[in-house]
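Following: one structure in structure tokens, then a few remarks.
The values are calculated or read from the model by the stated rules, or taken from the named source; none is laboratory data. In this text the structure is predicted, and so the values were computed from the model without any measurement. Don't worry about glycine lacking a Cβ; one is built from the backbone with ideal geometry, like all the others, and counts go over all protein chains shown.
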Amino acid sequence: MTDIMLEWMSHYGVLIIGATTLLSCLALPVPSSLMMLTAGGFVASGDLTGWSVMAFAFGGAVFGDQIGYYLGRGFGAGILSRLSQNPKRAKLAERAKDYIRTRGTMAVFFSRWLVSPLGPYVNLAGGASEMSWLRFSGASITGEAVWVVFYISTGYVFADRIVEVSTLLGNASGALAAGTVTILLGFWLRHSVRSAQARNSGRKSG
């Protein structure tokens, strides 16, 4: 995979970076984080310029988020239902919906970079839940800026350790996504218990 990406990067440069970040925001299985790390390595070697790499990666990511959001607005329920036919994607879709319900704007921001596996599903869920476009876009832009700068800078610094760093970051992102879901389930359980106690208290008072 790394050899293929190096070949693509040498042929298409920043265009392939923008296309990769865009497609990753639509839940397509492309190695966007690894591509940005690799691009950072190309910047370190002087084959690409830092500003152009960041501009195309950022532009592709934000544009992909907008497409996902508006797909969610128009066809969110149907798309999420179809994604749910795949067990792995079904779990991510459910997590994204819970994340949006409990965290709103912060869910969009953190799913850009901290728990990025949820990102494409948060885009759809945000649109489907009719989240304000301004709130969504503000969180998307700031979150994608963090994601792009972090990965490209990391690739620049660790240009000779791209694969190892990518594996480490991928494992950490997956673990954080799982941990986030656990925390959200804890909040939901606590809320459910409190609601049940309040109903029982109301019945006794009545």
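Quick notes on this structure:
- Residues satisfying the stated conditions in segment 101-114, i.e. crowded, with 24+ Cβ neighbours inside 10 Å and of a type in the set (Val, Ile, Thr): VAL108
- Condition check for SER132: hydroxyl-bearing (Ser, Thr, Tyr), modelled with pLDDT of 90 or more, within 20 Å of GLN66 (Cβ to Cβ) and surrounded by 23 or more Cβ atoms within 10 Å (Cβ to Cβ): no
- Residue in segment 52-66 that is exposed (fewer than 14 other Cβ atoms within 10 Å of the Cβ), at pLDDT 75 or above, over 19 Å from the mean Cα position of the chain (by Cα) and not acidic (Asp, Glu) present: no
- Criterion violated by TRP113 - all others in (1) over 14 Å from CYS25 (Cβ atoms); (2) in contact (Cβ under 8 Å) with a residue 24 or more places away in the chain satisfied: (1)
- Just one of (1) crowded, with 17+ Cβ neighbours inside 10 Å; (2) within 22 Å of SER140 (Cβ to Cβ); (3) in contact (Cβ under 8 Å) with a residue 40 or more places away in the chain fails for GLY41. It is (2).
- The single condition among (1) modelled with pLDDT of 85 or more; (2) among the hydroxyl-bearing types (Ser, Thr, Tyr); (3) in contact with an Asp or Glu (Cβ under 9 Å, 6 or more places away or on another chain) that SER10 does not satisfy is (1).
- Of all the criteria given as (1) in contact (Cβ under 8 Å) with a residue 40 or more places away in the chain; (2) over 30 Å from ASP160 (Cα atoms); (3) within 13 Å of the chain's Cα centre (by Cα), the one not satisfied by LEU80 is (3).
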